[in-house]
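Everything below concerns the one structure shown next.
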Amino acid sequence: MSGVETRRVDAAGLAEAVEAAVDCLSAGEVVALPTETVYGLAADATRPEAVLKIFEAKARPLFDPLIVHLPGMEWIERVCALEQGLRRQVEALAAAFWPGPLTLVLPRQPRVPDLVTSGLETVAVRISAHPVFDAVVRRFGRPLAAPSANRFGRISPTAAGHVLEELGGRIPLVIDGGPCRHGIESTIVAPAGEELRILRAGPVAPSDLERFGTVRMISGVKEVRPEAPGQLASHYAPRTPMRLRVGDEWPEGVGVLFWRGQPEPRGRCEVLSPAGDLREAAMNLFAKLRQLDESGVTEILAEPVPETGVGIAIMDRIRRAAHRGV
């Protein structure tokens, strides 16, 4: 593919953009779509030959499973095999967090292609709250497999321009729905009886989940074969070497990703949230990291953020982005 068509969504153009996306998906192609977390690269989750194009475009290893986005709750038992106790727990979580940035890892139905689950007996599912993604998946009428729309292991895209930088020439269509609301990938949870295992931290914080069971963090594992998307130790990484900032160090030629405040105007720096708002910091994380990565600095130093609420997810991404330098 030599070029990428981009459709900007506005009040007048939503229907046309949705139809263009559905036509592409129906032809077995991939489409970059906005979600409330990051931009996703979508394909028909029921067609292995379409899903394979996701792996090819991203250069993603086949052992890393994908998230399946459902058109609605009526699809949950078509995709997942739920015994009665698990069904009640899933329904409670869905009522509280869907549509929204929570992914559930559940036993799969045989109809889910092995390519989607990387051969695992579980499937990761969620329902997106983004109006454009919702309109596309409902009009399409079948589940969409949709990991982040970037090269594997790289910084996740939170704007259509980031998708074009990452996948230009590799995919046929990008639907531009503006910047993503959360700016960080969904929380991934595996319900297991009275326990909720958090496999990836995200916008839904551990404290949000405590009323549904005992919460146990499994995020940041270093597995050769992950049990959910986004679990590899080195992930979300810039091309520029990156590490956590220690003290006030700021060597010449090094860029700094500050958490808050107004730093001294020397060298290259980006601030996640001048006011110290963790949700604003999460929304800005990948865009600011991408700006530093493209600025020509020799190294990126990232200032830690408080590990509370969505700050847990921010630090999870920062540590994995810096893992190559550890």
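The values are calculated or read from the model by the stated rules, or taken from the named source; none is laboratory data. No experiment lies behind these values; they were computed from the predicted model shown. Neighbour counts are summed over all protein chains in view; Cβ atoms, including those assigned to glycine, are modelled from backbone coordinates with ideal geometry.
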ask   = Quick one: in the range 61-98, which of the residues that are free of Cβ contacts under 8 Å to residues at least 40 places away in the same chain and within 24 Å of V38 (Cβ to Cβ) is surrounded by the most Cβ atoms within 10 Å (Cβ to Cβ)?
value = W98
task = Scan the range 280-314 residue by residue and report those that are assigned to a helix (DSSP H, G or I) and without any contact (Cβ under 8 Å) to a residue 40 or more places away in the chain.
result = E280, A281, K288, Q291, G311
task = Scan the range 291-326 residue by residue and report those that are more than 20 Å from A159 (Cβ to Cβ) and basic (K, R).
result = R319, R320, R324
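For the range 255-266, which positions are surrounded by 15 or more Cβ atoms within 10 Å (Cβ to Cβ) and either assigned by TED's automatic domain parsing to the domain that holds R181 or assigned to a loop (DSSP other than H, G, I, E, B) (or both)?
Passing the criteria: only P263.
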query = Which of the residues that make up the range 115-146 are surrounded by fewer than 20 Cβ atoms within 10 Å (Cβ to Cβ) and under 17 Å from E185 (Cβ atoms)?
reply = A129
remark   = Of (1) crowded, with 22+ Cβ neighbours inside 10 Å; (2) in contact with a Gly (Cβ under 8 Å, 6 or more places away or on another chain), V112 fails just (2)
note = The one condition F63 fails out of (1) among the hydrophobic types (A, V, I, L, M, F, W, C); (2) in contact with a helix residue (DSSP H, G or I) (Cβ under 7 Å, 6 or more places away or on another chain); (3) farther than 25 Å from H182 by Cα is (2)
message = Among the residues in the range 196-214, are any touching a Cys at 6+ places or on another chain (Cβ under 7 Å), in the same structural domain as L41 (by TED's automatic domain parsing) and at pLDDT 95 or above?
response = no
Residue check for E56: surrounded by fewer than 16 Cβ atoms within 10 Å (Cβ to Cβ) and closer than 27 Å to I155 by Cα = yes
task = Give the range 1-45 a look and list any residue that's among the polar types (S, T, N, Q), under 15 Å from A145 (Cα atoms) and surrounded by fewer than 22 Cβ atoms within 10 Å (Cβ to Cβ), or say none.
result = S26
task = Considering (1) under 17 Å from the mean Cα position of the chain (by Cα); (2) buried (at least 23 other Cβ atoms within 10 Å of the Cβ), say which one V305 fails and leave the rest.
result = (1)
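For G169, state whether it is surrounded by fewer than 24 Cβ atoms within 10 Å (Cβ to Cβ), at pLDDT below 95, in the same structural domain as A96 (by TED's automatic domain parsing) and within 28 Å of L292 (Cα to Cα).
Values: surrounded by fewer than 24 Cβ atoms within 10 Å (Cβ to Cβ): yes; at pLDDT below 95: yes; in the same structural domain as A96 (by TED's automatic domain parsing): yes; within 28 Å of L292 (Cα to Cα): yes.
Criteria met by G169.
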request  = Among the strands (runs of 3 or more DSSP E) lying completely within the range 1-94, list those that include at least 1 residues that are over 21 Å from the mean Cα position of the chain (by Cα).
outcome  = 5-8
task = Report yes if G311 is of a type in the set (G, A, S) and crowded, with 18+ Cβ neighbours inside 10 Å, otherwise no.
result = yes
task = Using the structure shown, decide if R211 is over 21 Å from G230 (Cβ atoms), touching a helix residue (DSSP H, G or I) at 6+ places or on another chain (Cβ under 9 Å) and not aromatic (F, W, Y).
result = yes
request  = Select, from L144, L120, L106, the only residue that is more than 24 Å from V30 (Cβ to Cβ), in the same structural domain as V22 (by TED's automatic domain parsing), touching a residue at least 12 places away in the same chain (Cβ under 8 Å) and under 21 Å from the mean Cα position of the chain (by Cα).
outcome  = L106
